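The values are calculated or read from the model by the stated rules, or taken from the named source; none is laboratory data. Just so we're clear, the structure is a prediction, and the values are computed from it rather than from any experiment. Here Cβ is always computed from backbone atoms with ideal geometry, including for glycine, and neighbour counts include all displayed protein chains. Ligands, DNA and RNA are excluded from the accessible area calculation, which covers all protein heavy atoms including side chains. Shrake-Rupley method; radii C 1.70, N 1.55, O 1.52, S 1.80 Å.
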Amino acid sequence: MTPKKSILITSEQIKKRVEELGEEISNMFRQEKISDVIVLWLAEGAIFFAADLIRHIECENLQIRSLKASSYGKELFSQGDPKITGDESGFEGKHVLLVDDIFDTGRTAEAICQRLLRIGAQSISTCFLLNKKVEKTTSITPDFIGFDIEDAYVFGYGLDAAEAMRNLPDIWKFEK
Ligand code: 5GP
C-alpha cells in the first residue's frame, strides 16, 4: 500500500525563510568580523537549500565546498553511523558554515564537526533547513534552523524518498 502524503512546507514558505536565514547568517559574520568563509553543504539532500541560501549570504570571500554524507541509503530509517566521503583538504584555519537539510538525531552533524575540527577548521557554525522533533544523540546545538518539524519522514526540495522525489519544489511528509 502506498503511504499517504501531504505538503508540510510550501515553496513560498521556504523561499521567505531562506531569505531570512541568509540575513541572520550575514549579520553573524558581520558581528564576528568574519569575511572569509567556506560554506560546506552536504550532498545530496542540501543541494537546493544550499544553492538558494548561499545567494542570500553577504560575505566578502565565500567559498563553496561539499561532502557526501549518507545514513539512510534507500531506507526510510537511519542506518547507523553516517558515511562521509569527499575532499577534506583546505579546511585548515578556515571558518566553516555547515549547511544541511535536516537535523534529525544529530549524528551526521556531530561526525562532520568532529572531522572538521580534526582537520583544523578555525570555527564551525551550522545551519539546517529542518529540525526534527526527535531525541538527539548529540550535544551539538544548531546555530541556525529554518523550520522545526514533527517526527515524520519528509521529502522534496532536495530531500529524497528512497532516492526519488528530490525535484519537488515543496516539502512533503508521509502520513504515519
Ligand atoms: P541525523 O544524522 O541527524 O540523524 O540525520 C541527518 C540526515 O538524515 C539528513 O541530512 C538527511 O539526509 C537524513 N534524514 C533524516 N530525516 C530525514 C527525512 O525525514 N527525510 C529524508 N529524506 N532524509 C532524512
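Overview of values
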read-out	value
Some residue of region 90-100 being more than 30 Å from S6 (Cα to Cα) and without any contact (Cβ under 8 Å) to a residue 40 or more places away in the chain	yes
Qualifying positions in region 39-70 - outside any loop (DSSP other than H, G, I, E, B), of a type outside the set (A, V, I, L, M) and surrounded by fewer than 17 Cβ atoms within 10 Å (Cβ to Cβ)	N61, Q63, R65, K68, S70
Evaluation of D143 against (1) charged (D, E, K, R); (2) open to solvent by less than 30 Å² (accessible area, probe 1.4 Å); (3) away from the ligand (no atom under 12 Å from the Cβ) (one fails), failing number	(2)
Only one of E175, E110 that is more than 28 Å from V37 (Cβ to Cβ) and of a type in the set (D, E)	E175
Filtered residue count, region 37-75, keeping only those that are more than 21 Å from L168 (Cα to Cα) and touching a Cys at 6+ places or on another chain (Cβ under 8 Å)	1
Selection from region 5-17 of residues that are among the hydrophobic types (A, V, I, L, M, F, W, C) and either within 14 Å of the ligand (Cβ to nearest atom) or not in a helix (DSSP H, G or I) (or both)	I7, L8, I9
In region 71-91, residue modelled with the highest pLDDT [restricted to those that are within 9 Å of the ligand (Cβ to nearest atom) and open to solvent by less than 80 Å² (accessible area, probe 1.4 Å)]	P82
3 or more residues touching a helix residue (DSSP H, G or I) at 6+ places or on another chain (Cβ under 9 Å): qualifying strands (runs of 3 or more DSSP E) within region 97-176	123-132, 144-149
Of all residues in region 94-132 being open to solvent by 40 Å² or more (accessible area, probe 1.4 Å) and more than 25 Å from V18 (Cβ to Cβ), the one that is farthest from the ligand (Cβ to nearest atom)	Q122
Total residues in region 18-38, condition touching a strand residue (DSSP E or B) at 6+ places or on another chain (Cβ under 7 Å), in a helix (DSSP H, G or I) and open to solvent by 40 Å² or more (accessible area, probe 1.4 Å)	1
So E135, is it open to solvent by 40 Å² or more (accessible area, probe 1.4 Å), over 21 Å from A164 (Cα atoms), free of Cβ contacts under 8 Å to residues at least 40 places away in the same chain and away from the ligand (no atom under 16 Å from the Cβ)	no
